[in-house]
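The values are calculated or read from the model by the stated rules, or taken from the named source; none is laboratory data. Here the structure is a predicted model, which means the values were calculated and not measured. Neighbour counts run over all protein chains shown; Cβ positions are idealised from the backbone, glycine included. The accessibility values were calculated without ligands, DNA or RNA, using every heavy atom of the protein model including side chains. Shrake-Rupley method; radii C 1.70, N 1.55, O 1.52, S 1.80 Å.
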Amino acid sequence: MNEQGKLLRQIVLQVIQRCPQCRRTFTEEDVHLIGQMNEAWLFSLYCPSCHVMALVGLSLARPADQETKREDLPPAPPVSADDVLDMHLLLEEVDSLEELLRKMPPEERATP
């Protein structure tokens, strides 16, 4: 993995430090790059203790308005069980990150 990939892996580990199921601390060996498109990456985190896999999307795209600050944004709604089920069903339908991004409506896609 190149230097950028190593840095992104470290960012993923800073955001998701522990397995959501068994609370085991993730290591660098648990993080795998699934795919990349423009400035977006999709990583998987695999827990060898309880065999749970988590997916993490990472984007380095900047907002159109550079003056927007995180604290100015409304809080995101919590992720529901239905959201998780919907994502699971969607991921069963695709074989690659590119295919997943093609299925997204154009207004939801990040622009480079």
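Residues of the stretch 44-70 that are open to solvent by 60 Å² or more (accessible area, probe 1.4 Å) and modelled with pLDDT under 85: 59, 60, 62, 63, 64, 65, 66, 67, 69, 70.
Looking only at the stretch 2-43, count every residue that is open to solvent by 40 Å² or more (accessible area, probe 1.4 Å) and at negative phi and tell me the total. So the answer is 27. Residues of the stretch 83-97 that are among the aliphatic types (A, V, I, L, M) and touching a residue at least 40 places away in the same chain (Cβ under 8 Å): 97 alone. Pairing residues of the stretch 29-42 that are more than 17 Å from residue 17 (Cβ to Cβ) with residues that are open to solvent by less than 80 Å² (accessible area, probe 1.4 Å) and polar (S, T, N, Q), at Cβ distances under 8 Å and at least 6 apart in sequence or on separate chains, gives 34/44; 35/96; 39/59; 40/59; 41/59.
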